[in-house]
Each structure stands twice: as structure tokens, then as C-alpha cells.
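The values are calculated or read from the model by the stated rules, or taken from the named source; none is laboratory data. What you see is a predicted model; the values in this text were computed from it and never measured. Glycine gets a Cβ as well: all are built from the backbone with ideal geometry, and neighbour counts include every protein chain shown. Calculation scope for accessible area: heavy atoms of the full protein, side chains included, ligands and nucleic acids excluded. Shrake-Rupley method; radii C 1.70, N 1.55, O 1.52, S 1.80 Å.
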Amino acid sequence: MAEFAVNAFYELIIDDLINRKYCVTDTFFTVEEIDLLRTNLLIKQSLTTFKKAAVGPLSNEQIIEEVRGDFILWMDESSSDQIEKMYFNKINNFIHYINRTCYLGIQEGEFHYACYPEGTFYKRHLDVFHTDVRRTLSVVLYLNTPDWQPDNGGALALYLKDAAGREKEELIHAQPGRLVIFDSKEIEHEVQMVYKPRYSITGWLKTR
Ligand SMILES: O=C(O)CCC(=O)C(=O)O
Ligand SMILES: [Fe+2]
């Protein structure tokens with residue numbers, strides 16, 4: 001068995017996940033990697049039609065405009081290009097690490113590109129469906145342009161509980177390169193109204 005090396009950066013992420021069920025980091029990917037992923041997304045968007053995202057489990061998908069307005073393209077790891085391979089390598093390294101240290105038993109992931117055009121949002125929801133409770137961690141990486149401003153909208157609102165059990169809202173702006181990981185089963189969240197096209201990769205780490 002390969003010797004285990006503690007990764008201080010991953011440990012900070014894990015501490016946050018344990019202590020508050022979510023974490024935000026801006027340095028998981030380099031600025032260059034984010035530029036490559038954004039360019040790749042934009043090329044794919046010009047070549048393929050992103051599908052209107054649906055709500056509910058795959059077996060019973062429904063498109064409900066008032067709930068979410070984003071367009072998505074599922075990623076296929078087995079036929080990924082060089083830039084996507086870099087993304088999967090980094091995510092898989094992290095999965096390997098948390099499986100060894102936190103015994104989460106992550107077996108697989110599912111990932112899609114997402115674009116929220118101007119005027120769209122995703123209403124408050126939880127990422128697990130009644131028929132698919134395997135989603136354990138939600139992983140969102142923002143690929144917006146470097147000049148992204150909070151007043152472009154599209155902040156991610158996490159609905160948390162304070163020490164007294166009262167609900168509090170934590171707003172996370174969709175800054176390029178920002179990676180948000182949160183507990184899929186516990187944290188309700190929403191994407192606020194978007195005023196400029198908003199790009200991301202969203203994924204779920206799942207148990208068997
Ligand atoms: O893009 C985000 O910030 C979150 C997206 C989301 O909640 C989802 O796709 O389930
Ligand atoms: Fe979500």
C-alpha cells in the first residue's frame with residue numbers, strides 16, 4: 001500500500017466540511033486551469049446545445065421554468081478531453097484522500113457544465129432526490145470571467161443554522177476559480193437571479 005501523506009490543504013477543506021458542512025476555497029485550481037476550463041466550456045457551448053436543466057430524478061425529470069433556468073451539458077469522464085482530464089484528476093485525488101481519511105465511501109461522481117443566462121436562477125432546494133440519496137457532497141466550481149462582480153448576481157445562498165438553531169443565510173459570490181463543497185443531504189441552497197451569463201461545473205460525489 002502506498003504510504004499515506006497528509007495534505008494540509010485538503011485537511012483545511014475537511015475541517016470546514018466537518019465543522020460547518022460546507023467549505024469555500026479559491027485555490028483548488030490555478031488561474032491558468034480556470035482559464036482553460038472556461039475556454040473549453042465556451043467552445044463546447046458553441047459546438048453543442050446545452051440542455052435545459054430539469055428538476056427531479058433522471059427517471060422523472062421535469063422542466064419547471066419557475067424553479068431553475070440553467071442549461072447544462074453532462075460531462076463524460078471516459079471520453080474527456082485533456083482539460084477535463086485535469087479537472088477529473090484533481091477531483092479524483094481529493095475523493096481518494098477523503099475516502100482514506102473520512103471513510104465517506106465515495107464511489108462515483110456525476111458532473112455537468114452549467115450556464116445560467118441573464119434573468120435565470122435556481123430556487124431554494126436540496127440536491128438529494130427521494131429516489132437518489134447517494135449524493136453526499138455537492139461540488140461547484142465557478143468559471144466566470146476574471147472581471148466578475150457581485151452585482152452580476154448569481155450568488156449561491158446557503159441556508160444554514162446558527163448555534164441557536166435559527167436559520168441564517170450565507171451568500172457566496174460566483175467568483176472565477178471559487179470551489180464550493182457542501183453536504184448534499186443537509187444544506188438547502190439557491191442560485192440568486194443572474195444578470196450576466198454565469199458559468200460553472202457542478203458535480204456530486206456519490207456513495208454506491
Ligand atoms: O451553481 C451553483 O452555485 C449551485 C447549482 C445547484 O444548486 C445545482 O445545480 O443543484
Ligand atoms: Fe443544488
| message | Looking only at residues that are open to solvent by less than 40 Å² (accessible area, probe 1.4 Å) and in contact with a helix residue (DSSP H, G or I) (Cβ under 6 Å, 6 or more places away or on another chain) in the stretch 95-110, which one is farthest from Phe9 (Cα to Cα)? | response | Ile106
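Residues are listed down the side, and each one gets a yes or a no for (1) in contact with a Phe, Trp or Tyr (Cβ under 8 Å, 6 or more places away or on another chain); (2) away from ligand 1 (no atom under 16 Å from the Cβ); (3) of a type in the set (D, E, K, R); (4) in a helix (DSSP H, G or I):
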residue	(1), (2), (3), (4)
Val6	no, yes, no, no
Leu12	no, yes, no, yes
Ile34	no, no, no, yes
Leu41	yes, no, no, yes
Ser78	no, yes, no, yes
Tyr97	yes, yes, no, yes
| query | Do we find a residue being among the β-branched types (Val, Ile, Thr) and closer than 16 Å to Ile201 by Cβ anywhere in the stretch 87-102? | reply | yes
| task | Give the residue, chosen from Asp162, Asp183, that is within 13 Å of ligand 2 (Cβ to nearest atom), in contact with a Lys or Arg (Cβ under 6 Å, 6 or more places away or on another chain) and more than 28 Å from Lys44 (Cα to Cα). | result | Asp183
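Do we have Glu65 as acidic (Asp, Glu), surrounded by fewer than 12 Cβ atoms within 10 Å (Cβ to Cβ) and either modelled with pLDDT under 90 or not in a loop (DSSP other than H, G, I, E, B) (or both) here?
When the stated conditions are applied, Glu65 passes them.
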| Every residue from the stretch 114-140 that is out of contact with any Phe, Trp or Tyr (no Cβ under 6 Å at 6 or more places or on another chain), closer than 14 Å to Trp204 by Cβ and in a strand (DSSP E or B) | Ala114, His125, Phe129, Asp132, Thr136, Leu137, Val139, Val140
| task | Take the residues in the stretch 169-208 that are in a loop (DSSP other than H, G, I, E, B) and hydrophobic (A, V, I, L, M, F, W, C), then tell me which one is surrounded by the fewest Cβ atoms within 10 Å (Cβ to Cβ). | result | Met193
